Amino acid sequence: MATVYPDWAGLPQEMVATVMEALGIPDLLRAGAVCSSWHAACSAARRVRFPVTDASPCLLYSARGDNDGEDDAGAATLYSPSSGAAFRVRLPDPPLRRRALVGSAHGWLATADEESNLHLVNPLTGAQLALPHVTTLHHIESSLDEQGSLMYGVQESEDLDDPDDPSFVLLVHRPDGEISFARIDDGQWTQITDQTLKWVSGYRDALYNQKDGLFYVLSFDGSMLTLDLSDPSSPVAKDILPRAIPWNDPIKDIMLTPSGDLLQVWRLKEIKQSATPVEVSMGVAHELDDPYKVSRITEFFVYKVDIDKQDLVKLSSIGEHALFLGYNSAVCLHTKDFPELNPDSAYVTDGFDEEMCANKHNFREIGIWDFKTESLHGLGEVQSRNPWLNWPAPIWITPSLL
């Protein structure tokens, strides 16, 4: 007797589309590989589920409850400034509101759970990778407090940067901006010691350059080095820029432009008192020290890094470019490729340790800095239509289904 196989391609397109729109993201992606007609239906469903038309960053955050009362602690809202669209995805456990968002790069979030353990999460696909346990860092010891709660000797972490393949991660962490690295399957963090690095002011930021396979590392004082981890057993550091200033402020970030230039971006902020207090739920009110406290950007400085001359060249304008800054790996885009973005502007979220830790429920400064007028503008109607919570702190991420 002959075996009769179902003709999946022959199902009515309306039925396939209905099923596709109800599938979870991993199942939706797998279903699109069944046949050409299902692939078309999958593509249509993805356009509905993810109304993002380009590869520019989105603001990811935990939203306040909807008008109908829905308040999902595990859901994340993504808002695209280039398209004006906002949509929701659900992250795997632990829920988003029980994580700190400590970095993002190449479509992956770097998060810390309530025990300070780090995970990489792709918010679109739901894929999640556990990084080595925090106690495998060379200077971390765990203990229990008087109530039996877990506590650590040093607070982690500050910034993560990973290549396009998230199997290799560089961690810039406390105390004093130290650096450790790990492969996903290592099971522990490896410290890069002072035999390789010059511990002068500590390290603030890092990026991975695909073109030369090197990490570029920025110190609090503006000095820079490259880090070659092609042989993890023998890291090689090379100084490329001397100290720029003798103190840690302003906060500094590094990024690559579309043409391959290396930029340093400095931000100065000052603490002010708001006219109105921040609103928080009763459950976290005890964590709020000063409900009127806000931090405001006062100045921006942008420098092009001249590696040959080992110098910083100050720029008065970034021209037809838009920057995305915060706790994400900083991004620079050409606005000719993203015409809905504002040129000569920086899209900013808070990226300062004090706001992220000590004042985690206070107001967030999120908006668009205009380099011409030297002023900050809001993101438009998104805060009124899809308002964000202050914790976990909103973060920029470039969504990816890879």
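Among rounded, prolate and oblate, which fits the stretch 165-224 when a ≥ b ≥ c are the square roots of the eigenvalues of its C-alpha gyration tensor, a/c under 1.5 means rounded, and a/b larger than b/c means prolate?
Details: a/c = 2.11, a/b = 1.29, b/c = 1.64.
It is oblate, given that a/c is not under 1.5 and a/b is not larger than b/c.
Rounded, prolate or oblate: which fits the stretch 206-353, taking a ≥ b ≥ c as square roots of the Cα gyration tensor eigenvalues, rounded meaning a/c under 1.5, else prolate when a/b beats b/c? Kindly include the intermediate steps, with their values, before the conclusion.
On the way: a/c = 1.96, a/b = 1.55, b/c = 1.26.
Judged from the Cα gyration tensor, the stretch 206-353 comes out prolate (a/c at least 1.5, a/b above b/c).
Can you tell me how the stretch 243-290 classifies by the Cα gyration tensor, rounded, prolate or oblate, using a/c under 1.5 as the rounded cut? Before the final figure, lay out each step's value.
Details: a/c = 3.34, a/b = 2.27, b/c = 1.48.
Because a/c hits 1.5 or more and a/b exceeds b/c, the stretch 243-290 counts as prolate.
Are there any trypsin sites (Lys or Arg not before Pro) in the stretch 231-324 that are in a DSSP loop and have at most 11 other Cβ atoms within 10 Å? List them by number. Write out the running numbers ahead of the final one.
Values: sites: Lys238, Arg243, Lys252, Arg267, Lys269, Lys272, Lys293, Arg296, Lys304, Lys309, Lys314; in loops: Arg243, Lys309.
Qualifying residues, ordered by number: Lys309.
Note down, for the stretch 297-353, the three equivalent ellipsoid semi-axes (square root of 5 times each alpha carbon gyration tensor eigenvalue), biggest first, whole angstrom. It would help to have the intermediate numbers written out before the result.
Numbers: eigenvalues 80, 57, 24 Å².
Each semi-axis is the square root of five times an eigenvalue, giving 20, 17, 11 Å.
Loop-only GluC sites (Glu not before Pro) in the stretch 232-332, please: DSSP not H, G, I, E or B, and at most 16 other Cβ atoms within 10 Å. Kindly include the intermediate steps, with their values, before the conclusion.
Details: sites: Glu270, Glu279, Glu287, Glu299, Glu320; in loops: Glu279, Glu320.
Loop-located and lightly packed - Glu279, Glu320.
Going Cα to Cα from Lys269, which lysines come in below 29 Å? Please leave out same-chain ones fewer than 8 positions away.
The qualifying lysines are Lys198, Lys252, Lys293, Lys304, Lys314, Lys360, Lys372.
Could you check the spin-label model distance between Gln310 and Glu340? Points 7 Å from the Cα along Cα→Cβ, value in nm.
For Gln310 paired with Glu340, the spin-label model returns 4.6 nm.
Only sites in a loop by DSSP and with at most 11 other Cβ atoms within 10 Å count here; which chymotrypsin sites (Phe, Trp or Tyr not before Pro) in the stretch 177-267 make the cut? All intermediate terms of the calculation are to be shown ahead of the outcome.
Working: sites: Phe181, Trp189, Trp199, Tyr203, Tyr208, Phe215, Tyr216, Phe220, Trp247, Trp266; in loops: Trp189, Trp199, Phe220, Trp247.
Sparse-neighbourhood loop chymotrypsin sites (Phe, Trp or Tyr not before Pro): Trp247.
Would you mind calculating the gained length between His133 and Ala55 on full extension (0.36 nm times residue separation, minus the Cα-Cα distance), in nm to one decimal?
Working: separation 78, 0.36 × 78 = 28.08 nm, distance 3.21 nm.
Between His133 and Ala55, full extension yields an extra 24.9 nm.
What's the percent breakdown of Cα-Cα distances in the stretch 328-402 across 5 Å bins, shortest bin first?
Calculated P(r), rounded to whole percents: 3, 13, 20, 24, 21, 13, 5, 1.
Calculate the spin-label point distance for Asp113 paired with Ala358, positioning each point 7 Å from the Cα along the beta-carbon direction, and give it in nanometres.
In this crude spin-label approximation the distance works out to 2.9 nm.
Rounded to the nearest 0.05, what FRET efficiency do Thr196 and Asp93 give with R0 = 35 Å and r taken as the Cβ-Cβ distance? Could you check?
Working: r = 37 Å, r/R0 = 1.07.
Efficiency, from the Cβ-Cβ distance: 0.40.
Where does each of Leu268, Leu60 land when they are ordered by accessible area, with a 1.4 Å probe and the largest first?
Working: Leu268 55, Leu60 0 Å².
Heavy-atom accessible area, descending, gives Leu268, Leu60.
How much length, in nm to one decimal, is gained on full extension between Ile184 and Asp71, taken as 0.36 nm per residue of separation minus their Cα-Cα distance?
Length gained, Ile184 through Asp71: 37.4 nm.
Might you tell me the accessible area per residue for the stretch 361-400, computed with a 1.4 Å probe and given in Å²?
Working: 1690 Å² over 40 residues.
It amounts to 42 Å² per residue over the stretch 361-400.
Determine, from the Cβ-Cβ distance of Asp176 and Ser37 and an R0 of 56 Å, the FRET efficiency 1/(1 + (r/R0)^6), rounded to the nearest 0.05. Present the calculation step by step, with values, prior to reporting the outcome.
Numbers: r = 58 Å, r/R0 = 1.03.
Using R0 = 56 Å, I get an efficiency of 0.45.
Provide the FRET efficiency to the nearest 0.05 for the Glu14-Glu381 pair, computing r from the beta carbons and using R0 = 25 Å. Working shown, then result.
On the way: r = 33 Å, r/R0 = 1.34.
E(calc), rounded to 0.05, equals 0.15.
If you average 1/r over all unlike Cα pairs in the stretch 272-323 and invert the result, what Kirkwood radius do you get in angstrom? Working shown, then result.
On the way: mean 1/r = 0.0657 Å⁻¹.
Its Kirkwood hydrodynamic radius stands at 15.2 Å.
The values are calculated or read from the model by the stated rules, or taken from the named source; none is laboratory data. Model, not experiment: these values are computed from the prediction. Note: ideal-geometry Cβ built from the backbone for every residue, glycine included; neighbour counts use all protein chains shown. Ligands, DNA and RNA are excluded from the accessible area calculation, which covers all protein heavy atoms including side chains. Shrake-Rupley method; radii C 1.70, N 1.55, O 1.52, S 1.80 Å.
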